[in-house]
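*Asks:* Could you have a look at this structure, given as structure tokens, before my questions?
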Amino acid sequence: INSYEIKENRVSAIQKFLDEIDVSQYNYFTSIKYREYFKEININISLLIDFFYHFGLLLRNFQKKETCLEYSYEIEKMIVFINSLTINEFYDEELDFKQRKNILVKIAPEIDKGNFDLFWDFFYMFDVYSSIAKGIKLNNLVFPQFNSENIFKIENFYHLDLTNAVKNTLNVKNKTIVVFTGANMSGKSTTMKSISIIVLLAHLGIAVPAEYCNIPFYDSIFLYFSVNDNLKEGYSHFAQEIINVKSVLLELKSKNCFVVFDEIFSGTNINDAAQITVNTINGLSKFKNSLFIFSTHLNLIEDHLTENERALLLHLECFLDSNKLLFTYKLTEGWSRLEIGKLLFDQYGLNELLNT
């Protein structure tokens, strides 16, 4: 798998060749009258032989390794198919017209029977699996565990897109609500996306960017980042947020859910947002087999949420010293009241630009 690499343009050329080839047109007449066409066919035959020889070799080597019985059976079927083409003997050989013609005659019925379509379905899924396997090994990802005790624990997780990412740990037990607070640019959204990616990958059966992951298995996953208005339906930003919450509530009637709301109800005024955010969080707290993650800048709701025993309050560390900001990107328990919007506004020179 580590050395497995097939160029996409080569695969596309072979597929196009198999889709368009007409065996009857490959004859001595075309070799004389349509030299370029004939030459192109010969090149594609060589590509075909090279591709199936090496891919068949890969599958035979892979078959020797331990793999699940069902997929091993699929591999065996593809090996049998490749062997049936009887082209391995022509690998790295100079072929004459008759040999090339025989190859085309052999593969033509396989094209008509749809066997090549089945092969390509297998090939592309194999390519997906091998890419995932390479990514897991390259990034030292770990496979998740699932539990039925509603314990949500991810140790030293991080975002794969970040170089030198700061790792964090999230341990949620006997809680249904997690609320992230913190200053602008402190890393709230990135942290929530990191957690969301891990949950998604885990539910796909893929290893995750963390040192340890043990979470519940959820029936449904809702991720609401960057909510926009809906022009076609005539919904404002806030109306769309309301619809999103309703969709979650309807799903919760029969399913356990993992839900993320990034800066929920930011589409309305601060007083309404505060009241309905508290109502939403308190209402969702009763769904003990689900987990709801929020981020907010609404500092006036802190007292209401600290009274909620089902809520875990976290923030991303940020220090302000002599108007200088230091972001550690480390998760810390508690509510952050640090407000730096005005400071950033000034640091980016907007006050100066507006007053000149």
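The values are calculated or read from the model by the stated rules, or taken from the named source; none is laboratory data. Because the structure is a prediction, the values reported are computed rather than measured. Glycine also receives a Cβ, built like all others from the backbone with ideal geometry; neighbour counts cover every protein chain displayed.
*Asks:* Pairs needed: first member in the range 316-338, under 13 Å from V179 (Cα atoms); second member anywhere, surrounded by 16 or more Cβ atoms within 10 Å (Cβ to Cβ) and among the small types (G, A, S); C-beta distance under 6 Å; at least 6 residues apart or different chains.
*Replies:* Once the first residue is under 13 Å from V179 (Cα atoms) and sits in the range 316-338, its partners that are surrounded by 16 or more Cβ atoms within 10 Å (Cβ to Cβ) and among the small types (G, A, S) give L316/G182; L316/S186; L316/G187; S336/G182.
*Asks:* I'm checking my understanding of the structure. Among residues of the range 56-107 that are closer than 19 Å to V128 by Cβ and in contact with a Ser or Thr (Cβ under 8 Å, 6 or more places away or on another chain), which one is surrounded by the most Cβ atoms within 10 Å (Cβ to Cβ)?
*Replies:* I75
For (1) within 26 Å of the chain's Cα centre (by Cα); (2) exposed (fewer than 15 other Cβ atoms within 10 Å of the Cβ); (3) closer than 25 Å to N289 by Cβ; (4) hydrophobic (A, V, I, L, M, F, W, C), each residue gets a yes or a no:
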residue	(1), (2), (3), (4)
P109	no, yes, no, no
F123	yes, no, no, yes
I136	yes, no, no, yes
N139	yes, yes, no, no
N147	yes, yes, yes, no
N150	yes, no, yes, no
Y158	yes, no, no, no
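*Asks:* Turning to a different aspect of this structure: Checking the condition among the aliphatic types (A, V, I, L, M) and surrounded by fewer than 16 Cβ atoms within 10 Å (Cβ to Cβ), which residue from I264, I270 passes?
*Replies:* Exactly one of I264, I270 is among the aliphatic types (A, V, I, L, M) and surrounded by fewer than 16 Cβ atoms within 10 Å (Cβ to Cβ), namely I270.
*Asks:* Okay, next question. Would you be able to tell me the number of residues in the range 181-224 that are over 19 Å from F146 (Cα atoms) and under 23 Å from the mean Cα position of the chain (by Cα)?
*Replies:* 9
*Asks:* Evaluate the following for V259: is it within 29 Å of I151 (Cα to Cα), of a type in the set (V, I, T) and in a strand (DSSP E or B)?
*Replies:* yes
*Asks:* I'd like to check which strands (runs of 3 or more DSSP E) are fully inside the range 151-230 and have at least 2 residues that are under 30 Å from K137 (Cβ atoms).
*Replies:* 152-157, 168-172, 212-216, 220-224
*Asks:* Here is a further query. Quick one: count up the residues across the range 181-215 that are modelled with pLDDT under 95, in contact with a strand residue (DSSP E or B) (Cβ under 8 Å, 6 or more places away or on another chain) and under 27 Å from N279 (Cβ atoms).
*Replies:* Qualifying residue count for the region: 6.
*Asks:* In the range 220-256, what residues are modelled with pLDDT under 90 and among the basic types (K, R)?
*Replies:* K232
*Asks:* Pick out, from the range 1-112, the helices (runs of 4 or more DSSP H) lying fully within it that include 3 or more residues that are closer than 18 Å to F126 by Cβ and either assigned by TED's automatic domain parsing to the domain that holds D127 or in contact with an Asp or Glu (Cβ under 6 Å, 6 or more places away or on another chain) (or both).
*Replies:* The helices (runs of 4 or more DSSP H) meeting that bar are 8-20, 35-63, 69-84.
*Asks:* Please tell me if S220 is under 21 Å from K153 (Cα atoms) and touching a strand residue (DSSP E or B) at 6+ places or on another chain (Cβ under 8 Å).
*Replies:* yes
*Asks:* If we scan the range 265-277, do we find a residue that is in the same structural domain as T191 (by TED's automatic domain parsing), in contact with an Asp or Glu (Cβ under 7 Å, 6 or more places away or on another chain) and among the aromatic types (F, W, Y)?
*Replies:* yes
One line per residue, one yes/no per condition, for (1) more than 24 Å from T169 (Cα to Cα); (2) out of contact with any Lys or Arg (no Cβ under 7 Å at 6 or more places or on another chain):
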residue	(1), (2)
L316	no, no
N323	yes, yes
Y329	no, yes
R337	no, yes
G341	yes, yes
E352	yes, yes
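*Asks:* Of the residues K175, K134, which single one is in the same structural domain as T190 (by TED's automatic domain parsing) and of a type in the set (D, E, K, R)?
*Replies:* K175 is the lone residue from the list that is in the same structural domain as T190 (by TED's automatic domain parsing) and of a type in the set (D, E, K, R).
*Asks:* Right, next: Could you please let me know if T169 is under 23 Å from the mean Cα position of the chain (by Cα) and either free of Cβ contacts under 8 Å to residues at least 40 places away in the same chain or closer than 16 Å to L314 by Cβ (or both)?
*Replies:* yes
*Asks:* Here's another thing I want to ask about it. For the range 11-39, how many residues meet the condition of being modelled with pLDDT of 80 or more, of a type in the set (K, R) and either surrounded by 15 or more Cβ atoms within 10 Å (Cβ to Cβ) or more than 23 Å from F116 (Cα to Cα) (or both)?
*Replies:* 1
*Asks:* Mind listing just one residue for me: the one in the range 274-321 that is charged (D, E, K, R) and part of a strand (DSSP E or B) and, of those, surrounded by the fewest Cβ atoms within 10 Å (Cβ to Cβ)?
*Replies:* The residue in question is D321.
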